[in-house]
Each structure stands twice: as structure tokens, then as C-alpha cells.
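Below are the C-alpha cells for one structure; questions will follow.
A short reminder: the numbers here are calculations on the coordinates, not readings from a lab. Remember, predicted model here, so these are calculated numbers, not experimental data. So basically every Cβ, Gly included, is an ideal-geometry build from the backbone, and we count neighbours across all protein chains shown.
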Protein chains: 2
Amino acid sequence: MDTKTLCLGVISLGAASGYEIKKAFEEDGLNHIYHTSYGSIYPALTALTEEGLVICSEMAQAKRPDKKVYSITEAGRGALLEALSAPPAEDKFRSDFLFIMFFAHLLPPSSVAKLIDQRIAWYEQNLAKMGAGGDCICSKGDAFVHGMGVAVYSSALEYLKSHRQAFLDQLSGASRLVAE
Amino acid sequence: MDTKTLCLGVISLGAASGYEIKKAFEEDGLNHIYHTSYGSIYPALTALTEEGLVICSEMAQAKRPDKKVYSITEAGRGALLEALSAPPAEDKFRSDFLFIMFFAHLLPPSSVAKLIDQRIAWYEQNLAKMGAGGDCICSKGDAFVHGMGVAVYSSALEYLKSHRQAFLDQLSGASRLVAE
DNA sequence: TTTCGCATGTAAACAGTTACATGATTAC
DNA sequence: GTAATCATGTAACTGTTTACATGCGAAA
């Protein structure tokens, strides 16, 4: 998915500015499926406007910088539908954490323990946020995707918690007592 | 992690050619944590050689193209350790599938069903491969990372299986006009 | 006989992130 | 007074993918 389609999708749920689109990929339901930066969003919005897929209404705000709010056009809805109908590309995943774990035998066990603990804390924080934080963007897929995210993060967290000690023991080499 | 570090890591487990490194990121234990292409691997190997982090021994092969086998140097091990010791960057995940599901209300439910079924099949195939196929690269982290991959994929698969029908019902319930 | 696997490499095209540039308001 | 939030945008840099270029051997 290119940034243009990502923006088009968000705008299809309601008029939004570049700034708000970025937030949707940081805070709202989209944060664990894609991410973008201003450097790609703003040029994408310009291109979408030129192609007639969105229209921009400038909004002067008192006590705030001007805001450019983009709304989707009929042509835009068509383009979005077309993009969503294409066979999806494979998921792209890259994890420094997992790569480091793969080579954990090269690091001092204390460092490995610290990394795992940080990761456990990260999952706990994220799950808390996902559970509590309102599913604000309103699309039916939102809950489905959100639920899948929670399921996956939970199992990752469980795995780390339950395998942490055994892994660390194994790395320390010696056959100390293994908790059963 | 840049491609140089990825290559260095693989080579640290045993001498390898560019071709073999690529395979490690496709088939072996690394396939679900990072990926690379020849276009980034070969230049990285050249750079690593110039920096003295690996050494290259050319191997003429009968009935096969020549092979360049790279081995890690002491300096290379140092550089790898340093790279692994840096605080890991956040995981980068991007999923066309999840993005499309987020906007599932725009598509005919039959298309959504097909996508979910394909995804279920994909997880099943991958899990079968991961369960059966030997974890051939031998590092202690291998089993740990592999196990986490299996846990996460399994929960994703379970989620899709158990929520598929309810999601589809929900979609066709409210958007009958879209579905012909 | 066509495709697949082995095997290396380059160049151009494309995409994405980071840093820069600007600046007001509000909350601590 | 300092940081955070709001708000837009460009340019340089970095990194990745794709296509190209080459070519043999083995299996289907």
C-alpha cells in the first residue's frame, strides 16, 4: 500500500488534515498495521488533490495555524475501492528485538534479560492502552483488526513470560535448576 | 538493523555466500524476522570486506558458477557485538491484509471472506512448515525466536478462525446493498 | 524443452525517513 | 520558562526493490 492509499482510506472515514492522518497512524486503530511520517503524508495529499481524488478546504483557525481539511470525492472512493480490491502484498515485518534474540548467545545474559523485560513491559503497556483506549475511529473492521492485534500481542507477551527463565538458564550454560 | 549487520550475523554462524545468506532470510529461522534482497546483500558484502569485517575466499566449483564464501573476522565479531548491543529499534510491521480488513465495509463480503480464507490457509501452511521443517541454523536463540513465531502465528490463526463468521455476518447485515 | 535451482552482480527507479524551517498556544 | 501540542511543508539522504545481464546443470 502506498501512502496515497493510506491517506485516502483515513479520509474516507471522515474529512481530515495531514496532521490528523498522522495521528490516526499513531494512536488510533491503525497504529499497529501501518505507519507514516509527515514527509510522505503531505506530498501524498498534494498528489491526491491534483488527481481529483480528494478536495481540500482551507480552514483559517483563530489562535491556531491554518488547517487544510481534505474530503474524499467520488473518484476518490472509486480509487480506494480499486486499491483495496488488489491482491494484498505480503506482510512486512522486521524486528531488531527478534534478530538480537537470535544471536543472544553472543551477549551477556544480563543484557538479554533486560531486553526481554523491556519487551514484556512494552507489550503490557500497549495492551493496557488497547484495552482501555476507546476504539474511536468508527469502521466495522476496526474492532476486528483491533481484536486481532490484542490476540497477537497477548500471545507474544505470554510466550515471553513463560519462556524467559528457561531461555536465560540455557544461555548461562550451566544446568542450574530449571523451574518446572 | 542495516543489511550489513544482518549479513554479519548470518556469517557469524558459519561461512556463507550471498546466495546462502538470502536463503537464510527466506527459509531458515530468520524468515519471519527480517528480509533482504540480492540488491542489498551483495553491496553489503562488498562493504564488509572493504572494512575488514569479513574475508572472502573465492571457490571455483565444477559445473557450478564460482562461489564467494565469506567468513567473519575478529573485527567482524566485535562489530557484530556492538551492533547487537545497541538499543533495538521498534518493530516495523505493515500489513496490507489488516489495512484492507479495516475497510472491509467497502468491499463485497464475498471478497472479504476470500481474503480471510487465504490468510487462514497461509498461516496453516507456514505453521506446518515451521513445525516440520528443521530449524537448521544452530544458535540457541533460534529455538526461542522460532517458538515465539509459532506462538504468534497460532494465535493469529485461531483468531481468524473463531471470528471469521461473526465478522462476515456483521458486514452483510448492514451493507446488503453493496453485495449485489 | 522449458522451468527451476544455483550463482553473482549493477543501475535505475521508487519509497521512505530525518532534519530543517516556522511559529503560535496551552499546560505544567 | 519550558515542554508539548497544534500545524504545514521541503530537501536531502538513505534504503529497498526491480529489472537487467549472464549462464550452466538437472529435473519435469
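Would you compute, for the Cα atoms of the stretch A:96-171, the largest minus smallest coordinate along each principal axis and list the three values in descending order, in whole Å?
For the stretch A:96-171, the Cα extents along the three principal axes come out at 47, 19, 18 Å.
Please state the charge dipole magnitude for the protein assembly as shown, taken about the Cα centre, from unit charges on C-beta atoms (+1 on K and R, -1 on D and E), reported in debye and rounded to the nearest 20.
Charge dipole, the protein assembly as shown, about its Cα centre: 120 debye, nearest 20.
Stokes-Einstein diffusion coefficient for chain A at 25 °C in a medium of 0.890 mPa s, Rh from the Kirkwood formula over Cα pairs: what value in µm²/s?
Value of D from the Cα-based Kirkwood radius: 127 µm²/s.
Just the number, please: Stokes-Einstein D of the protein assembly as shown in µm²/s, Kirkwood Rh from C-alpha pairs, 4 °C, 1.567 mPa s.
It comes out at roughly 57 µm²/s.
Follow-up question, since we're still on this one. Over the stretch A:96-171, what is the relative contact order in percent, taking alpha-carbon pairs closer than 8 angstrom and at least six residues apart?
Computed value for the stretch A:96-171: 46 percent relative contact order.
When the helix-only estimate is applied to chain A (DSSP H runs of n ≥ 4, each -39,500 (n - 2.57), divided by the residue count), what is the mean residue ellipticity at 222 nm, nearest 500 deg cm²/dmol?
-19000 deg cm²/dmol
Further question on the same structure: Could you sort the peptides A:88-101, A:111-124 by per-residue average Cβ neighbour count (10 Å cutoff), highest mean leading?
A:88-101, A:111-124
A:ALA128 label point, 7 Å along Cα→Cβ, cut-off 11 Å on backbone N: hits in the stretch A:140-161?
none
Still on this structure, I have one more. Is there a simple number for the mean count of other chain Cβ atoms within 10 Å of the Cβ of residues in B:2-15, and what is it?
That average works out to 1.
When the dipole is taken about the Cα centre of chain B, and only Lys, Arg (+1) and Asp, Glu (-1) are charged at their Cβ, what size is it in debye, to the nearest 20?
Computed about the Cα centre, the dipole is about 380 debye.
R0 = 22 Å: FRET efficiency of A:LYS161 with B:SER37, Cβ-based, nearest 0.05?
Approximately 0.05, to the nearest 0.05.
My understanding is that a pair violates if its Cα-Cα distance is over 20 Å; which of A:LYS114/B:LYS129; B:LYS22/B:LYS67; B:LYS92/B:LYS161; A:LYS92/B:LYS23; A:LYS23/A:LYS68; A:LYS23/B:LYS161 do that in this structure?
Exceeds cut-off: A:LYS114/B:LYS129; B:LYS92/B:LYS161; A:LYS23/B:LYS161.
On a 0 to 90° scale, report how tilted helix A:140-171 is relative to the longest principal axis of chain A, with both axes built from alpha carbons and the result rounded to the nearest 10.
So the helix axis and the longest Cα principal axis differ by about 20 degrees.
Fewest Cβ neighbours within 10 Å first, please rank A:PHE167, B:PHE144 accordingly.
With the sparsest Cβ surroundings first, the list reads A:PHE167, B:PHE144.
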